[in-house]
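Q: One structure, pasted below without further comment.
What follows draws every value from the coordinates through simple rules; no lab data is involved. Quick caveat: nothing in here was measured; it's all calculated off a predicted structure. Neighbour counts are summed over all protein chains in view; Cβ atoms, including those assigned to glycine, are modelled from backbone coordinates with ideal geometry.
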Amino acid sequence: MNNPRRCLSLASMMIFVSSLALSAAAQTASASNARIVGPINDAVQVTLAGNTRPEAIPANDLGPVDDGLALGHMQLLLSSAPEQQAALDAYAASLNDKSSPNFHQWLTAQQIGANYGVAQADIDQVTGWLTAHGFAVNGVYPSNVLIDFSGTAAQVREAFGTEIHNYLVKGARHIANASDPKIPAALGPVVAGIVSLNDFRPRPMHQAKPNYTFTSGGSTYYAVTPADLATIYNLNPAFAAGYTGKGQTIVVIEDTNVYSTNDWTVFRKTFGLSKYTSGSFTQVHPGASWPGNCADPGVNGDDVEAIIDAEYASASAPNAAIVLASCADTNTTFGGLIALQNLLIQPDPPPLVSISYGECEAENGAAANFSYRITYEIAALEGVSVFVSSGDEGAASCDANQSAAVHGIGVSGLASTAYNVAVGGTDFGDSYLNENATYWNATNTATYGSAISYMPEIPWNDSCAGTLLANYVTGSPISYGPSGFCNTAFGEEFLTTGSGSGGPSGCAYGNPSISGVVSGSCAGYAKPYWQSLVGVPNDHVRDIPDVSLFAANGLWGHYYPICYTDPNFGGVPCTGAPDTWPGYGGTSFASPIMAGIQALVNQKHGRQGNPNPTYYAIANAEYGWKGSAACNSSNGNTVGSGCVFHDVTLGDMDVNCTATQIQSGHKTVTASFNCYLDGATNGVLSTSNYSYKPAYAAGTGWDFATGIGTVNAYNLVLSSWWW
């Protein structure tokens, strides 16, 4: 019988052997090999391509900002030498190989900078150039790949050759650079880009529960409470065995504070979590003193995201310390990114981080994408597990919160790196199967639990393009074409991109030739070695999601209640039964819940860094490419009791799409991207414009809709694959 663990170890041994040689070369390069070798001549420049927002177009342009506009705490991202980066990547891979002497030998930010960062001589050259142009250099991060600096719009124009303009986009005012920045060619070998020169921000990944005109199973809703999660995902035996997250810290990354910390307390009391007396909730603003770029953000419209993350991380790890780390957005940088970067320079970085924000790769830009990639890699090297929401818009990440996809297939640049766990979203299939009574009690417990057991899962999908919804309503799964569900009067009530997200990385690097569309010189992240298992497509790029959990917002009668009392953004008093509380869905829930489950693993086995290699090894041993009859999620309450992952095989996350107008030269033309219209106005997102190839369906083994599936938490904690 083949031993899959040994096969993985041998592959990792090869990585380790190469890392030894590369590491020595990297340290030598870092210590002595300066790469800025010629004079810095501002007249000889190179362009940092792929760093202009797609919204920065003449139609939205309101003209330049005032020259004196202060741009505080911009970030200049540096790149290590290729041999250093290769050594860093190899070391990161060896951290998960028990046969390697590097196994779980986490590094500090200072060690990363000393061994793999940009040479000090080059940093001095770059900071000297910034200072010569009037910028204030606020600090160099110890990883030696990030410089925090401040200046004015006039200084940016003079040094980087791009103007900062005002833009009006969908009724909101923004600032952004009007063209790609430029730098002296001599700096090109070490400068990767400016993380951003705009105030467009990643979006929070939550969806409010709509008042659907269609609800399956009559008008009954089955809110999914912490007690239900504990039943469905088998947390209860883990809790009974003492695996409650005690001694663990989960950090949720935000750009806001919560409206009221009492909401977290009331949530825990209402749902029976306050009996876990080690659980706590605090808010911090890391880096307020150094590098001084983390201001207290106060409370803003993102505070609903913050309370979701804090409450539901606690739901799956009730004895853990939940820490909300937030920084105010600057007018060029997302506060959540600043908060994470500053946590990673602390002497004892947190073991677990959850991020519930996203932005599509093609809009985020090459420098911003790279900033998340290198930040997450630093986290993994320090032993930090980073969980990120995969998105709430199917495979159309550039069309979040829209009624139709128009930019084609794309994924979130915050979730698509190899150094984070991308967490997707499911719904429960009991309503579609007319089996509500099989899986839900008619009455609640004292802590509002009513789930009876694990139940069948399907991808979360609110769109008329979904075959399950079309079939349930019309008796036919056909959603496209003139007579398809999306082109009927009733079906058009479900024109939305709201759904769990996944897809191939397509524009992590490069510059799209069509705004927001994977095109031009766009390229995706390379496929990590551990994703060659479990039926992941041989497409040579990173594919997401990795795992999934329930994330629906009510289409099939299931959603999450939250305690959220901010009256400015839809909150209500948390009095009475939680069916009167605000209801939400979204992968915003799935990410902190999965981080909480990993906290139980860490409690038993210790800090794990990037857990993806182990997740994929477990799934490969469990069902590999061919699937497992026992672990098929559609079995519901008869699913195998020994399964760690539930392979979701029914349904899809396909969303509706339509043609759109784009500029081609001096002409406006109508075009469609990854949209199979079949002669109708409303099509379905497809890998082909000319035939029905939905993006994407669930299936046996790994799939774009749900990754390797959902989890039996107790079995994951006890798995022998953790070392």
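Q: Give me the three principal axis extents of region 150-253 from the C-alpha atoms, as integers in angstrom, largest value leading.
A: Computed over the Cα atoms, the extents are 62, 44, 21 Å.
Q: Pop the C-beta distance of SER720 and ALA288 into the FRET formula with R0 = 41 Å and round what comes out to the nearest 0.05. Spell out each step's value before the answer.
A: Values: r = 43 Å, r/R0 = 1.06.
Computed FRET efficiency for SER720 and ALA288: 0.40.
Q: Projected onto the charge dipole of region 266-350 (+1 at Lys/Arg Cβ, -1 at Asp/Glu Cβ, origin at the Cα centre), which of GLY272, VAL299, GLN346 gives the Cα projection farthest towards the positive end?
A: Value computed over the given set: GLY272.
Q: Amide H of ALA698: which non-local residues (sequence gap of 5 or more, or other chain) have their own amide H closer than 5 Å, using H built in the peptide plane?
A: Amide H to amide H, under 5 Å and 5 or more residues apart or across chains, ALA698 pairs with GLY651, ASP652, MET653.
Q: Just want the answer: with Cβ charges of +1 for Lys and Arg and -1 for Asp and Glu, which residue in GLY117, LEU146, ALA132 is farthest toward the dipole's positive end in region 109-218?
A: About the Cα centre, the residue reaching furthest to the positive side is LEU146.
Q: Also, quick follow-up: Determine, for ILE514, ILE253, the number of other Cβ atoms within 10 Å of each Cβ, and report the residues in order from fewest to most. Walk me through the numbers on the way to the answer.
A: Details: ILE514 18, ILE253 26.
Going from sparsest to densest Cβ surroundings: ILE514, ILE253.
Q: How large is the translational diffusion coefficient of region 240-285 in µm² per second when you combine the Kirkwood radius over alpha carbon pairs with Stokes-Einstein at 4 °C and 1.567 mPa s?
A: On the way: Rh = 12.3 Å.
Answer, rounded: 105 µm²/s.
Q: Would you kindly compute the Cα radius of gyration of region 273-388 and its largest Cα-Cα separation (Dmax), both in Å?
A: Every Cα atom of region 273-388 included, Rg and Dmax give 14.6, 47 Å.
Q: Same structure again: What is the ratio of the Cα radius of gyration of the chain to 2.2 N^0.38 Å, with N the residue count, to two decimals?
A: Numbers: Rg = 24.5 Å, N = 723, 2.2 N^0.38 = 26.8 Å.
In units of the globular-protein estimate, the chain measures up at 0.91.
Q: Another question, if that's okay. Which semi-axes, in whole Å and largest first, does the equivalent ellipsoid of region 328-379 have when worked out from the alpha carbon gyration tensor as the square roots of 5 times its eigenvalues?
A: Numbers: eigenvalues 80, 32, 21 Å².
That gives 20, 13, 10 Å for the three semi-axes.
Q: Report the full-extension gain for the segment ARG173 to THR638: residue separation times 0.36 nm, less the Cα-Cα distance, to one decimal in nm.
A: Values: separation 465, 0.36 × 465 = 167.40 nm, distance 5.38 nm.
Net length gain for the segment: 162.0 nm.
Q: Quote the charge dipole size of the chain about the Cα centre in Debye, to the nearest 20; the model charges only the Cβ of Lys and Arg (+1) and of Asp and Glu (-1).
A: Values: 24 positive and 53 negative charges, 277 e Å.
For this selection, approximately 1340 debye.
Q: Run through the DSSP bridge list for the chain and note the antiparallel percent, rounded to the nearest 5. Numbers along the way, then the final one.
A: Values: 55 of 87 bridges.
Roughly 65 percent of the DSSP beta bridges within the chain come out antiparallel.
Q: While we're here: What whole-number volume per residue, in cubic angstrom, does the convex hull of the C-alpha atoms of region 553-662 give? Show your work: numbers first, answer last.
A: Working: hull volume 27.7 nm³, N = 110.
About 252 Å³ per residue, rounded to a whole number.
Q: If a paramagnetic tag sat 7 Å from the Cα of SER278 along the Cα-Cβ line, which residues of region 596-627 would have the backbone N under 16 Å from that point?
A: Once the point is set 7 Å along Cα→Cβ of SER278, 596-607 turn out to lie under 16 Å by backbone N, inside region 596-627.
Q: Students often get this wrong: which residues of region 330-352 have the backbone nitrogen under 20 Å from the point 7 angstrom along Cα-to-C-beta of ALA70?
A: 330-336, 338-339
Q: Next question, about the same structure. Ranking LYS182, LYS626 by Cβ neighbours within 10 Å, fewest first, what do you get? If you can, show how the numbers build up before the last one.
A: Details: LYS182 16, LYS626 9.
Final ranking by Cβ density, sparse to dense: LYS626, LYS182.
Q: Using only Cα atoms, tell me the angle between helix 261-270 and the longest principal axis of the chain; keep it within 0 to 90° and round to the nearest 10.
A: Once rounded, one gets 20 degrees.
Q: Using only alpha carbon positions, build the gyration tensor of region 59-173, then give the equivalent ellipsoid semi-axes as the square roots of 5 times its eigenvalues, largest first, whole angstrom.
A: Working: eigenvalues 281, 70, 24 Å².
Working from the Cα gyration tensor, I get semi-axes of 37, 19, 11 Å.
Q: What does the charge count near PRO189 come to, summing +1 for each Lys or Arg and -1 for each Asp or Glu among other residues with Cβ under 14 Å from its Cβ?
A: On the way: positive: ARG35; negative: GLU83, ASP122.
Every neighbour counted, the sum reads -1.
Q: Considering the Cα trace of region 211-301, what is its radius of gyration and what is Dmax, both in angstroms?
A: Gyration radius and largest Cα-Cα distance of region 211-301: 18.2, 57 Å.
Q: Okay, next question. Starting with the fewest neighbours, write out ARG607, ARG542, ARG173 ranked by other beta-carbon atoms found within 10 Å of each beta-carbon. Before the final figure, lay out the partial values.
A: Numbers: ARG607 16, ARG542 24, ARG173 10.
In order of increasing Cβ crowding within 10 Å: ARG173, ARG607, ARG542.
Q: Would you please give the residues with an amide H less than 5 Å from that of GLU163, counting only those at least 5 places away or on a separate chain, with H modeled from the backbone geometry?
A: ALA178, SER179
Q: Any number yet on Rg/Rh for region 372-412, C-alpha, Kirkwood? Intermediate values should be presented prior to the final figure.
A: Numbers: Rg = 13.9 Å, Rh = 11.9 Å.
Across region 372-412, the Cα-based Rg/Rh ratio is 1.17.
Q: Output the Kirkwood hydrodynamic radius of region 415-505, Cα pairs only, in Å rounded to one decimal. Mind showing how you got there, number by number?
A: Working: mean 1/r = 0.0647 Å⁻¹.
Hydrodynamic radius (Kirkwood, Cα pairs) of region 415-505 is 15.4 Å.
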